[in-house]
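The values are calculated or read from the model by the stated rules, or taken from the named source; none is laboratory data. Treat the numbers as computed from the prediction; the structure is a model and nothing was measured. With ideal geometry, Cβ positions are generated from the backbone for all residues, glycine too; neighbour counts draw on all protein chains shown.
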Amino acid sequence: MCIPPKYFNEGIEKVAEMLQDPVMRETIKKEMYDPATPYDNYYLNAGGWKGIFISSAAATPDAEGKTIAEYAEEKGIDGFDAFCEIMIANDCIAPSIYFCISEEDLFRIAKDENVVVGTDAIPKSFVERTHPRAYGTFPRAIRYYVKENGILTLPEMIRKMTSKTAEIYQLAGKGVIADGYDADLVIFDYDKITDTADFMHPLTKAEGIEYVLVDGKVVYKDMELTDAMPGKVIRFKKKV
């Protein structure tokens, strides 16, 4: 996400090799630091190394849970050198989080009629580090946008999580509570609903969710999954 994509033509392992070559390393550094280099530069988007948080780095676990700037300071080295050290040791596989969106933009986008709530998170096991949005996206949307900042009302937010999404993706029988629709329900306590996952503890469960039903069957209660597995893959069917 930081290095120009042209260097990945021979695979990510090759890039790790390039970073060990002093000449290539300096060339890549100059291109990364130059705003005129034509690519979506996440190093610059995040405002530098202080805005890049290492969520997972198996070969350098002491880098996990820190920004690259913090890791570099601990090591007493330059930020780019710290970045290269992590990349080389982990064969360029080190999932990271980039802080590059302003709150003003988030609020403006959230209020747009055509925007719905979703996440591109990668759910993992309870022993693997991931992004907190994997476990906290929807409770956070209610807590942050409705309860704390009043950007949307609760009905407006629920619509962006349910019926509006079902409408956009043309999911028949989904999105509202009505006769003939699948009984997919989340029962929560509005006063208690909140996300607890954060960047250091991304796998903690949300509070305030009392029951989750899929197709009328309880799949989650008392903050635990039940043995019921009524979920199914929904394949898109084009309208004729």
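Some points to look at:
- Annotation note: of R108, R143, R133, the sole residue that is surrounded by 15 or more Cβ atoms within 10 Å (Cβ to Cβ), outside the structural domain of K14 (by TED's automatic domain parsing), out of contact with any strand residue (DSSP E or B) (no Cβ under 7 Å at 6 or more places or on another chain) and not acidic (D, E) is R133.
- The criterion of at least 1 residues that are in contact with a Pro (Cβ under 6 Å, 6 or more places away or on another chain) and more than 28 Å from E104 (Cβ to Cβ) is met by the following strands (runs of 3 or more DSSP E) wholly inside segment 119-228: 209-214, 217-221.
- Residue count for segment 54-66, restricted to those that are touching a Ser or Thr at 6+ places or on another chain (Cβ under 9 Å), more than 16 Å from L203 (Cβ to Cβ) and either in a loop (DSSP other than H, G, I, E, B) or at pLDDT 95 or above (or both): 1.
- Looking across segment 188-212, just one residue is among the acidic types (D, E) and surrounded by 17 or more Cβ atoms within 10 Å (Cβ to Cβ), and that is D195.
- Boolean, L185 is over 15 Å from the mean Cα position of the chain (by Cα), surrounded by fewer than 17 Cβ atoms within 10 Å (Cβ to Cβ) and aliphatic (A, V, I, L, M): yes
- Filter pass, M157 being under 30 Å from I54 (Cα atoms), at pLDDT 95 or above and among the aliphatic types (A, V, I, L, M): no
- The number of residues in segment 7-16 that are without any contact (Cβ under 8 Å) to a residue 24 or more places away in the chain and either within 14 Å of I93 (Cβ to Cβ) or surrounded by 16 or more Cβ atoms within 10 Å (Cβ to Cβ) (or both) comes to 4.
- Selection status of G216, among the small types (G, A, S) and loosely packed, with under 15 Cβ neighbours inside 10 Å: yes
- Top-ranked residue in segment 17-57 [being aliphatic (A, V, I, L, M) and surrounded by fewer than 18 Cβ atoms within 10 Å (Cβ to Cβ); ranked as farthest from E85 (Cα to Cα)]: A36
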